[in-house]
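Student: Have a look at this one before I ask anything.
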Amino acid sequence: MTMVRVGAVRDRFEGRGLFLDGEGAELRKVALRIDETSGTLMGFEPAPPDPGPPTTGDDLPPVNPPQPGPAFSWPLDDIRRVPGQAGEDVLALRLTSNATQRLLLTTPGDRHVLQTRASHLWQPAPVTGKARLAIWGSAAVASVALMIFVLIPLLANNLATVLPASGQRALGETVLEDIRVALDRTGVSPVATCDGAAGRAALTAMEERLFPDGLGDVELSVFVLDHPMINAFALPGGIVVLMRGLIEEAETADEVAAVFAHEVGHVINRDPSRIALRSVGSVGVLGLLFGDFAGGALLLFLTNQMIAADYSQEAEANADAFATATLQEAGIPAEALATFFERLLAQHGDPDGLAAQFLAHPSLSTRIAAAREGAEDLQSSEPVITAQDWSALRNICAETP
């Protein structure tokens, strides 16, 4: 009930509301009154029912029984509206210093008076404990950074050395199929693998020339994808992928062999398994923070990571050194790797300054110098495969049934 009086004194307000004390789930009916002296909204609960006449002398009530105090006392300037917690016919209020207590006004007259008297009602409640929030927020960010940039890479490096070959192979085959689907521009079928018989024989001849004694316990599988991208990458489980665009871009079979040996270097060092485990771990942490990253989103992210081959500079330098040593031992000019890099340098340039510090690969200039240094003492210049095999390799996709 709202009472309005006319006169020189401010109208007296008496209303009703429902109060939630923030400790229990019960909404309590309260009578509302504004103390004009202190500018405070007070809520009083109804007096308990009369227990009846006393039965003994000890039960006699005091002469002046204490009156119950207000259930709450809120300064009008500290009352704020709480949006989104009630319907249009209910006004939900809170106190700036208490985030759990609520007062609900259901009577239009009561809502009108409070909207008029509480001058800061529509202002957002100030954020309390900013310093503590900042400390906890900074600690949370630091914890996530520690996991993503330190703990997960460390764990991935250790797991990559003990993960069974069968598990790595299964992971690599799954990612390869996802890559074939992701690279398809038609949306009809995955990108085809090139399996021309003569071209496959040329690849086998190249592999036997580079690694006549095999790779120990590593079972190597080489795939050529019918895609114009100038790229090659390695996947977990001894899988090396060459793109048709790279074979067409190469001027000699030795350049393809140099890139092939580089990717095998990643396989030997288990770099693909490391980046796969690190990506899965990082996505898992980010999924806990920002939502579900499982399923298709995870596979798409992992696919992009593998295509980009975003290894560390140390891993790339080690793979280059492995390729140079492999070419030397096979009697192939190691400068083929340098020649290929020089063409990339002419096409894309070599970033310098601050940008170069954030690159996963060492600068092309550094890689060219290292490759040429390894070629200084080499005398033989016999091609890695015959001219006939090189022609067959360049047409491996055209010959595919």
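The values are calculated or read from the model by the stated rules, or taken from the named source; none is laboratory data. Computed from a predicted structure; not experimentally measured. Virtual Cβ from ideal backbone geometry, glycine too; neighbours counted across all protein chains shown. Each accessible area value is taken on the protein alone, full model and side chains, heavy atoms only, with ligands, DNA and RNA left out. Shrake-Rupley method; radii C 1.70, N 1.55, O 1.52, S 1.80 Å.
Student: If I ask for residues that are charged (D, E, K, R) and either open to solvent by 50 Å² or more (accessible area, probe 1.4 Å) or under 15 Å from the mean Cα position of the chain (by Cα) (or both), which ones from segment 264-279 would you list?
Tutor: Going residue by residue through segment 264-279, those that are charged (D, E, K, R) are 270-271, 274, 278.
Those that are charged (D, E, K, R) and either open to solvent by 50 Å² or more (accessible area, probe 1.4 Å) or under 15 Å from the mean Cα position of the chain (by Cα) (or both): 270, 274, 278.
Student: Kindly evaluate residue 205 against the criterion of being open to solvent by less than 40 Å² (accessible area, probe 1.4 Å), over 16 Å from residue 225 (Cβ atoms), in contact with an Asp or Glu (Cβ under 8 Å, 6 or more places away or on another chain) and of a type outside the set (Val, Ile, Thr). Talk me through it step by step, then tell me what you get.
Tutor: Working: open to solvent by less than 40 Å² (accessible area, probe 1.4 Å): yes; over 16 Å from residue 225 (Cβ atoms): yes; in contact with an Asp or Glu (Cβ under 8 Å, 6 or more places away or on another chain): yes; of a type outside the set (Val, Ile, Thr): yes.
Yes.
Student: Look at residue 120 and say whether it is within 22 Å of residue 27 (Cα to Cα), at pLDDT 85 or above and not hydroxyl-bearing (Ser, Thr, Tyr).
Tutor: In short, no.
Student: On to the next question. Mind listing just one residue for me: the one in segment 158-174 that is under 16 Å from residue 275 (Cβ atoms) and at pLDDT below 85 and, of those, surrounded by the fewest Cβ atoms within 10 Å (Cβ to Cβ)?
Tutor: Per the criteria, the residue is 161.
Student: Residues that are under 22 Å from the mean Cα position of the chain (by Cα): which helices (runs of 4 or more DSSP H) entirely in segment 123-220 hold 2 or more of them?
Tutor: On the way: elements: 130-146, 152-162, 165-182, 197-210.
Where helices (runs of 4 or more DSSP H) fall fully within segment 123-220 and carry at least 2 residues being under 22 Å from the mean Cα position of the chain (by Cα), they are 130-146, 152-162, 165-182.
Student: Give the residue, chosen from 322, 301, 233, 223, that is in a helix (DSSP H, G or I) and either over 16 Å from the mean Cα position of the chain (by Cα) or at pLDDT 70 or above (or both). Let's see the steps before the verdict.
Tutor: Values: 301 fails: either over 16 Å from the mean Cα position of the chain (by Cα) or at pLDDT 70 or above (or both); 233 fails: in a helix (DSSP H, G or I); 223 fails: in a helix (DSSP H, G or I).
Result: 322 is the single residue among 322, 301, 233, 223 that is in a helix (DSSP H, G or I) and either over 16 Å from the mean Cα position of the chain (by Cα) or at pLDDT 70 or above (or both).
Student: Could you count how many residues in segment 221-238 are touching a residue at least 24 places away in the same chain (Cβ under 8 Å) and open to solvent by 30 Å² or more (accessible area, probe 1.4 Å)? Write out each step before concluding.
Tutor: Of all residues in segment 221-238, those touching a residue at least 24 places away in the same chain (Cβ under 8 Å) come to 222-227, 229, 231-238.
Still in the running and open to solvent by 30 Å² or more (accessible area, probe 1.4 Å): 223, 226, 229, 231.
Total meeting the criteria: 4.
Student: Here are the criteria: (1) surrounded by fewer than 18 Cβ atoms within 10 Å (Cβ to Cβ); (2) among the hydrophobic types (A, V, I, L, M, F, W, C); (3) within 30 Å of residue 383 (Cα to Cα). Tell me which single one residue 188 does not satisfy.
Tutor: Only one criterion is unmet by residue 188, namely (3).
Student: Does segment 371-383 include one or more residues that are of a type in the set (A, V, I, L, M), open to solvent by 40 Å² or more (accessible area, probe 1.4 Å) and at pLDDT 75 or above?
Tutor: Quick first cut of segment 371-383, residues of a type in the set (A, V, I, L, M) only: 371, 375, 378.
Still in the running and open to solvent by 40 Å² or more (accessible area, probe 1.4 Å): 378.
Among the residues that remain, those that are also at pLDDT 75 or above are: none.
No; the residues of segment 371-383 include none that is of a type in the set (A, V, I, L, M), open to solvent by 40 Å² or more (accessible area, probe 1.4 Å) and at pLDDT 75 or above.
Student: Mind listing whichever residues of segment 113-122 are open to solvent by 70 Å² or more (accessible area, probe 1.4 Å) and assigned to a helix (DSSP H, G or I)?
Tutor: Start the filter on segment 113-122 by keeping residues that are open to solvent by 70 Å² or more (accessible area, probe 1.4 Å), which leaves 115-116, 119, 122.
Listed by number, the residues that qualify are 115, 116.
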